[in-house]
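Asker: Got a structure for you, questions after.
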Amino acid sequence: AIYMSEVANSRVRNLLKPIIELLSGIPSVVYGFFGLIVIVPFLQQVFNLPVGESGLAGSIVLAIMALPTIITVTEDAMRNCPRAMREASLALGASQWQTIYKVVIPYSISGITSGVVLGIGRAVGETMAVLMVTGNAAVIPHTILEPLRTIPATIAAELGEAPVGGPHYEALFLLGVVLFFISLLINFTVEAVSPRRK
């Protein structure tokens, strides 16, 4: 985002921006398939694992999925920094990178925070991509290199089989409530941090 808003010329920016926006619109199943074909075999080979499906594979896929959203929102926020502020900083003798670090980023911090929260929100609620690359193992992992199952994946995989009103159904409903409160906590944290940084 810093490169696109502050360093790149208009030709490079006009080439990169549509590509990144296109990446944010790709369905999660496509990311999951990419992870299954590329990331899982790579991790299996690098770490010499019996199976490549692991928490690390899920983390990498989620990071790849969240980055386009974060980059797009952050770049828009940084481009909204007034030109006069940049020019004043440069006129006082600051370098381009000092201007970015001391002027542009502090001015854009609320937009950057919003982009990060949108990216985390997409990652927290993600089901299909994670279900495809984490191994879907209903056990508690001891390391990030073992197969696991996330909360959204557990709800998606088991809700169809759980009888309504039974203890299994109620446990899945409780998992949904836990997921809701995690999302709520993330949003409240951002609301508390953003005004303080302004």
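Asker: Got a number for residues in segment 85-104 being of a type in the set (A, V, I, L, M), free of Cβ contacts under 8 Å to residues at least 60 places away in the same chain and under 26 Å from ILE64 (Cα atoms)? So that I can check it myself, show each step before the final result.
Answerer: Restricting attention to segment 85-104, the residues satisfying the condition of being of a type in the set (A, V, I, L, M) are 85, 88, 90-92, 94, 100, 103-104.
Among the residues that remain, those that are also free of Cβ contacts under 8 Å to residues at least 60 places away in the same chain are: 85, 88, 90-92, 94, 103.
Add one more test, that the residue is under 26 Å from ILE64 (Cα atoms), and what stays is none.
Residues meeting the conditions: 0.
Asker: Moving to a separate point now. Out of all the residues in segment 92-115, is one or more in contact with a Leu (Cβ under 9 Å, 6 or more places away or on another chain), over 20 Å from ALA8 (Cβ atoms) and assigned to a helix (DSSP H, G or I)?
Answerer: Within segment 92-115, not a single residue is in contact with a Leu (Cβ under 9 Å, 6 or more places away or on another chain), over 20 Å from ALA8 (Cβ atoms) and assigned to a helix (DSSP H, G or I).
Asker: Here is a follow-up. For segment 115-140, what are the residues that are farther than 16 Å from ALA63 by Cα and surrounded by 18 or more Cβ atoms within 10 Å (Cβ to Cβ)?
Answerer: Taking segment 115-140 first, the residues farther than 16 Å from ALA63 by Cα are 135-140.
Of everything in segment 115-140, just one residue is farther than 16 Å from ALA63 by Cα and surrounded by 18 or more Cβ atoms within 10 Å (Cβ to Cβ), namely GLY135.
Asker: For THR99, only one of the following conditions fails: (1) more than 23 Å from the chain's Cα centre (by Cα); (2) surrounded by fewer than 20 Cβ atoms within 10 Å (Cβ to Cβ); (3) not aliphatic (A, V, I, L, M). What is its number?
Answerer: (2)
Asker: Let me ask something else about it. Taking interchain pairs and intrachain pairs at least six residues apart, which have beta carbon atoms under 6 angstrom, with the first residue in segment 21-41 and under 16 Å from THR69 (Cα atoms) and the second among the β-branched types (Val, Ile, Thr) and surrounded by 13 or more Cβ atoms within 10 Å (Cβ to Cβ)?
Answerer: The qualifying pairs are GLU21/THR72; SER24/THR69; TYR31/VAL61.
Every residue, every condition in (1) in contact with a helix residue (DSSP H, G or I) (Cβ under 7 Å, 6 or more places away or on another chain); (2) modelled with pLDDT under 95; (3) in a loop (DSSP other than H, G, I, E, B), yes or no:
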| site | (1), (2), (3) |
| --- | --- |
| ILE37 | no, no, no |
| PHE42 | no, no, no |
| PRO50 | no, yes, yes |
| LEU62 | yes, yes, no |
| MET65 | yes, yes, no |
| THR69 | yes, yes, no |
| VAL73 | yes, yes, no |
| CYS81 | yes, yes, yes |
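Asker: Condition test on SER194, is it surrounded by fewer than 17 Cβ atoms within 10 Å (Cβ to Cβ), at pLDDT 85 or above and within 30 Å of GLY25 (Cβ to Cβ)?
Answerer: no
Asker: Are any residues in segment 156-185 without any contact (Cβ under 8 Å) to a residue 24 or more places away in the chain and of a type in the set (A, V, I, L, M), and if so, which ones?
Answerer: LEU159, ALA162, VAL164, ALA171, LEU172, LEU174, VAL177, LEU184, LEU185
Asker: Can we say ALA129 is under 21 Å from LEU36 (Cα atoms), out of contact with any Asp or Glu (no Cβ under 6 Å at 6 or more places or on another chain), in contact (Cβ under 8 Å) with a residue 40 or more places away in the chain and not in a loop (DSSP other than H, G, I, E, B)? Spell out the reasoning first.
Answerer: On the way: under 21 Å from LEU36 (Cα atoms): yes; out of contact with any Asp or Glu (no Cβ under 6 Å at 6 or more places or on another chain): yes; in contact (Cβ under 8 Å) with a residue 40 or more places away in the chain: yes; not in a loop (DSSP other than H, G, I, E, B): yes.
Here the answer is yes, as ALA129 does meet what is asked.
Asker: Hey, could you check segment 1-26 for residues that are surrounded by 15 or more Cβ atoms within 10 Å (Cβ to Cβ) and of a type in the set (Gly, Ala, Ser) and say which is modelled with the lowest pLDDT? Can you show your working first?
Answerer: Going through segment 1-26, the residues surrounded by 15 or more Cβ atoms within 10 Å (Cβ to Cβ) turn out to be 1-2, 4-6, 8, 13, 16-17, 20, 23-24.
Add one more test, that the residue is of a type in the set (Gly, Ala, Ser), and what stays is 1, 5, 8, 24.
Working: ALA1: 92, SER5: 92, ALA8: 91, SER24: 88.
Once the filter is applied, the top-ranked residue is SER24.
Asker: If you don't mind, there's one more thing I want to ask. Anything in segment 155-188 that is in a loop (DSSP other than H, G, I, E, B) and either among the hydrophobic types (A, V, I, L, M, F, W, C) or surrounded by 15 or more Cβ atoms within 10 Å (Cβ to Cβ) (or both)? List them, or say none. Explain how you work it out, then say what you get.
Answerer: First, pick out the residues of segment 155-188 that are in a loop (DSSP other than H, G, I, E, B): 159-166.
Hits for segment 155-188 are LEU159, ALA162, VAL164.
Asker: Residues that are farther than 27 Å from VAL29 by Cβ and aliphatic (A, V, I, L, M): does segment 57-76 have at least one? Show your work before the answer.
Answerer: We begin by selecting, within segment 57-76, every residue farther than 27 Å from VAL29 by Cβ; these are 76.
Within this subset, residues satisfying the condition of being aliphatic (A, V, I, L, M) are none.
No, segment 57-76 contains no residue that is farther than 27 Å from VAL29 by Cβ and aliphatic (A, V, I, L, M).
The values are calculated or read from the model by the stated rules, or taken from the named source; none is laboratory data. Quick caveat: nothing in here was measured; it's all calculated off a predicted structure. All Cβ positions, even for glycine, are placed from backbone atoms using ideal geometry, and neighbour counts span all protein chains on display.
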